[in-house]
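Encoded as structure tokens, the structure appears first; notes follow it.
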Amino acid sequence: MATQSPLRTDEQHGRTGADLVVACLAAEGIRVVAGVPGTTVMDVIDSLRRQERVRFVVTRHEQVAGFLADGMSRGGAAPGVALVSRGPGAANLSIAVQNAYDESIPMLVLVGQVPGGISERRAFEEMDVVGTFRPMTKWVVEVHDVARIPELLQRAVRTSVSGRPGPVVVSLPLDVLQAAPPEGLGPAPRRRSHPPAPAPAAIEEAVAILAGAERPVVVLGGGARGDASVYLQLADRLGAPLVTTWMRQSVVSHDAPAYLGALGYGAHEVTERTVREADALLALGCRFSEFTTKRWTLVPEETRLVHVDVDPTELGRVYVPDVGITSDAGLATAALLDRLPAAGSGPRDARRRALRDEYLQVSSLDSEDLTTADEPGTGVSGISAIRVLQSLADRPGIRLLQDAPSFAPWTHRYLRLSRPNTLHASAGGAMAWGLPAAMGIALARPEERLVTVSGDGSFWMVAQDFETCVREGIQLVNLVMNNFSYGNTRDRQRMAHGGRYLGVFYNNPDFAGFARSLGGFGVRVERDEDLASAVEEALAQERPAIIDVIQDQMYGLPPGLTPLAAR
């Protein structure tokens, strides 16, 4: 692992606003900052150079720094922090900020800004940082007084991780970073607010609806954080099946008798039918997104809804609940468990067992859909790839990450996760998220091995930062599902536009050779029978690895699944 040189005690350096920024980050428990150097942040980088508590990881693009910070948060080191300069640097980062906002991921973004003395003159690379980022952040602020750095920066950290998490942007003008703070000014103590608990009256109303239902269903979203066992206890108490929202299937163990799959693109019919037939839904930390609800057609109007979310603006945004509860999902679950009577082994439990048996049959890797599928073309099949990934999912010490390629429906439909919170997946739709996010998770969880599944189009957008992995000693294995096409768009053009292809096919370099050229491990796989051994060889390396998985150019989706645009 690359390390920074120790502080050179012989140099003289006056205390500046940049030093105060770094001191505040350290006080808030930040241990890694990712970013790209630029004129307006050089004082912060110099301050990082002169200390050892906070590590600076330089990336080759600001978008990567943002997604890396996203991964740090998902790996448990919230909030991840990205540092970029004004104008183009901030604009390059914006896609990662928007994705974090859409997925409720805490992130702190520090943006260098032109000095206040020349602002509003269209100075070189000047940008209205506050106006640009306001629509895609929980909060954005520009600091105009060095004395307010601790107040505003530490408030930014608290804001990013409290309530419904999300990105916060702090704009730091160069003159503020270079100014001398008042004597004795330093970071305030680290503080965190307790999450909101549910109102007792709301719990009583919810209990009345859920206890009286014949076909209750629990829906878990990304806001259902914390101890996964409490949500399963609640489902068992209700005798209810439990489903998750799109790309959040790792919230609970799939071995639980209550688990019935994930909603969204790639969902099994039995999973969607269970929600359609429910007479009561308990939604925990769920915002009823477009894919989860099949463009808001999945939940019948007559279904009674108990909706729990830490963000009150989500209650009634799409479906008006019979009972809306502003609360942390875990605290609300605990309160419901205290008040709900046990369902016993009556009709609810019998129905749940029948649904579970049906789900296990259709989601099995030995299901009829897969064993009778006639996969077209040449190269590595999706069936073989998902079998290898399943073997990794069952192995302790392995953490999986699913990027946003056309292979995602395979993991959504067939990957069975016995261990909760061991798969990270992008629900925000941003291509190029996978490799940088895996870098962040690997930095946050160095005791585990990250295995990432990316499409070739997504991977090549950020492939240059495989060099960062090598330089910084970030060990991960990236499976590039390489079909020489933008697979999702290709499938839509085939199904919805009469096979009139344009802009979806391209050439690729030798990804394995590319990895080796940067000092990493690379291997190319073109046959089903070679994939498992290639993965094992990559995992045995003490360096980052790329497995170039060659697939047919016209192939991608699991059997029977149609592209979104054709549905």
For this session: Quickly run through segment 64-121 and pick out the residues that are under 14 Å from Ile441 (Cβ atoms) and of a type in the set (Lys, Arg).
Result: Arg74
For this session: Of all residues in segment 200-240, count the ones that are under 26 Å from Pro106 (Cα atoms) and touching a residue at least 40 places away in the same chain (Cβ under 8 Å).
Result: 13
Exercise. Tally time: how many residues in segment 449-503 are free of Cβ contacts under 8 Å to residues at least 60 places away in the same chain and charged (D, E, K, R)?
Worked result: 2
Seminar exercise, completed: When (1) of a type in the set (A, V, I, L, M, F, W, C); (2) in a helix (DSSP H, G or I); (3) modelled with pLDDT of 95 or more are applied to Ile325, the one that fails is (2)
Exercise. How many residues, within segment 405-438, are more than 19 Å from Gly266 (Cβ to Cβ) and in contact with a Phe, Trp or Tyr (Cβ under 8 Å, 6 or more places away or on another chain)?
Worked result: 4
Problem set entry | Residue among Arg490, Arg500, Arg445, Arg419 that is basic (Lys, Arg) and surrounded by 18 or more Cβ atoms within 10 Å (Cβ to Cβ) | Arg490
Problem set entry | Answer from Val306, Val320 - the residue that is surrounded by fewer than 19 Cβ atoms within 10 Å (Cβ to Cβ) and under 22 Å from Pro200 (Cα atoms) | Val320
Exercise. Within the set of pairs 6 or more residues apart or between chains, which connect a residue that is farther than 15 Å from Val64 by Cα and in contact (Cβ under 8 Å) with a residue 40 or more places away in the chain inside segment 423-439 to a residue that is β-branched (Val, Ile, Thr) and in a loop (DSSP other than H, G, I, E, B) with Cβ atoms less than 9 Å apart?
Worked result: Ala427/Thr245; Ala427/Thr292; Gly428/Ile105
For this session: Taking the residues in segment 417-444 that are small (Gly, Ala, Ser) and part of a loop (DSSP other than H, G, I, E, B) as candidates, determine which candidate is farthest from Tyr101 (Cα to Cα).
Result: Ser418
Seminar exercise, completed: Within segment 43-95, the residues that are among the basic types (Lys, Arg) and over 15 Å from Val109 (Cβ atoms) are Arg49, Arg50, Arg53, Arg55, Arg60, Arg74
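So is Leu401 under 23 Å from Ser426 (Cα atoms), part of a strand (DSSP E or B) and among the aliphatic types (A, V, I, L, M) or not?
The answer is yes for Leu401.
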Exercise. Checking Arg395 against (1) part of a loop (DSSP other than H, G, I, E, B); (2) in contact with a Leu (Cβ under 7 Å, 6 or more places away or on another chain); (3) without any contact (Cβ under 8 Å) to a residue 40 or more places away in the chain, which test does it fail?
Worked result: (2)
Problem set entry | Residue list for segment 270-287, filter: modelled with pLDDT of 95 or more, surrounded by fewer than 24 Cβ atoms within 10 Å (Cβ to Cβ) and either more than 16 Å from Arg351 (Cα to Cα) or of a type in the set (Gly, Ala, Ser) (or both) | Ala280
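Sort out for me the strands (runs of 3 or more DSSP E) sitting completely within segment 213-305 that have 1 or more residues that are among the polar types (S, T, N, Q).
Answer list for segment 213-305: 242-244.
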Problem set entry | Unique residue being crowded, with 19+ Cβ neighbours inside 10 Å, in a loop (DSSP other than H, G, I, E, B) and of a type outside the set (D, E, K, R) when the list is Pro182, Pro189, Pro165, Pro195 | Pro165
Seminar exercise, completed: Checked pairs for segment 323-347, first in the same structural domain as Ala206 (by TED's automatic domain parsing), second hydroxyl-bearing (Ser, Thr, Tyr) and part of a helix (DSSP H, G or I), C-beta under 7 Å and 6 or more apart or across chains, list as Thr333/Tyr231
Seminar exercise, completed: Restricting segment 510-529 to residues that are without any contact (Cβ under 8 Å) to a residue 40 or more places away in the chain, of a type outside the set (A, V, I, L, M, F, W, C) and under 15 Å from Asn482 (Cα atoms), the one surrounded by the most Cβ atoms within 10 Å (Cβ to Cβ) turns out to be Gly522
Exercise. Any chance segment 298-313 includes a residue that's in the same structural domain as Arg524 (by TED's automatic domain parsing), among the β-branched types (Val, Ile, Thr) and out of contact with any strand residue (DSSP E or B) (no Cβ under 9 Å at 6 or more places or on another chain)?
Worked result: no
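The values are calculated or read from the model by the stated rules, or taken from the named source; none is laboratory data. Since the model is a prediction, treat every value here as computed from it, not as a measurement. Ideal geometry is used to build each Cβ from the backbone, glycine not excepted, and the neighbour counts take in all protein chains shown.
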